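Report on one structure; see the data block that follows.
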Amino acid sequence: MTSHLETELSTQPDVWAEVVDRSETLLPPLPARGQRVAAVGCGTSWFMAQAYAALRESRGHGVTDAFAASEFPRERDYDKVVLITRSGTTTEVIEVMRDLRERGVPHVAIVATPGTQVAEQAQECVLLDFADEQSVVQTRFATAALGLLRLSVGDDLSAAIADAREILRIPREDLFPASLTEVEQVTFLGRGWSVGLANEAGLKLRESVQFWTEAYPAMEYRHGPISIAAPGRAVWTLDELPEGLADSVTATGAELVTHPGVDPMAELVRVHRYCVVRAELAGVDPDQPRNLTRSIVLS
């Protein structure tokens, strides 16, 4: 039986294309160039916020910070705050939203589920209900939200869509080295905006397979984390590697996984497919991650 995770991850490029098609109505509530912005979320949504913040600053659109909702600095001033929550019911995001409403801070929520507290009570709401999911483990809502945020800073998603479609066409046996199905540990690396995607790749593998993963900015990898690299483990980069790092990884005996030229958001789709393969090999149901629910609602 095909899991919700496998079904939903395979729709991502089509959902991204729908985001592009609807962009004229979806983009207006998002932050304008020059505004001081914070992006807030929990778990996967936080990592999408990290990617957006780095991307927005690198594109010259203005100072942009990213926070886990529980760590949002309420004393700090922003021109606009972006709240990302698939369910619209996450406790920490609701608390941030209430504080923003009380202080009169402009904010917009990106939500998948209509009729929820965040969708109904946020000052502005961008509804991506066409990207909603049944799986506890997020794939298409998160990348659809990031795709929309990429459009808001001037990115063209055509290459990402094409790359993702090609990755989904590749037979499983050719998707990544066969030895990658046997490694005991994977470290994901990113640079700039893809650091958030590396963090998300690690989370996806932990959630869906209950597997040991880590994630770092690529340049930071040599400052300690490389000490765990060894034969039988892998280092997977979602972006171009800094000069000399490939040689450093190879010297440890760890397997280096890299696909130069592939859009990092599309490379995350390859990671999603890897999660499905590893879950099957481990006899784990990726739709029933241990100790997790679709939304974290705290009493």
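Summary table below
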quantity: Verdict on Q117 being polar (S, T, N, Q) and either under 23 Å from R76 (Cβ atoms) or at pLDDT below 95 (or both); calculated: no
quantity: The one condition in (1) touching a strand residue (DSSP E or B) at 6+ places or on another chain (Cβ under 9 Å); (2) outside any loop (DSSP other than H, G, I, E, B) that F211 fails to fulfil; calculated: (2)
quantity: Qualifying position, being closer than 25 Å to G192 by Cβ and without any contact (Cβ under 8 Å) to a residue 24 or more places away in the chain, among E102, E75, E71; calculated: E71
quantity: The listed residue being out of contact with any helix residue (DSSP H, G or I) (no Cβ under 6 Å at 6 or more places or on another chain) and among the hydroxyl-bearing types (S, T, Y), out of S10, S23, S3, S70; calculated: S3
quantity: Flag if F141 is among the aromatic types (F, W, Y), surrounded by 24 or more Cβ atoms within 10 Å (Cβ to Cβ), in the same structural domain as A69 (by TED's automatic domain parsing) and farther than 13 Å from P29 by Cβ; calculated: yes
quantity: T187 vs. criteria on the phi < 0 side of the Ramachandran plot, without any contact (Cβ under 8 Å) to a residue 40 or more places away in the chain and surrounded by 16 or more Cβ atoms within 10 Å (Cβ to Cβ); calculated: no
quantity: Subset of segment 234-268 (residues that are touching a residue at least 12 places away in the same chain (Cβ under 8 Å), of a type in the set (D, E, K, R) and assigned to a helix (DSSP H, G or I)); calculated: E267
quantity: Residues located in segment 151-161, provided they are part of a helix (DSSP H, G or I) and under 9 Å from V19 (Cβ atoms); calculated: L151
quantity: Index of the failed condition, L189 passing every other in (1) modelled with pLDDT of 95 or more; (2) more than 20 Å from the chain's Cα centre (by Cα); calculated: (2)
quantity: Criterion: acidic (D, E) and either free of Cβ contacts under 8 Å to residues at least 12 places away in the same chain or not assigned by TED's automatic domain parsing to the domain that holds R56 (or both) - qualifying residue of D129, D163; calculated: D163
quantity: Candidates A251, A218, A164 - the one that is more than 17 Å from R270 (Cα to Cα) and crowded, with 19+ Cβ neighbours inside 10 Å; calculated: A218
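The values are calculated or read from the model by the stated rules, or taken from the named source; none is laboratory data. Here the structure is a predicted model, which means the values were calculated and not measured. For neighbour counting, all protein chains shown are included, and Cβ atoms are generated from backbone atoms with ideal geometry for every residue, glycine included.
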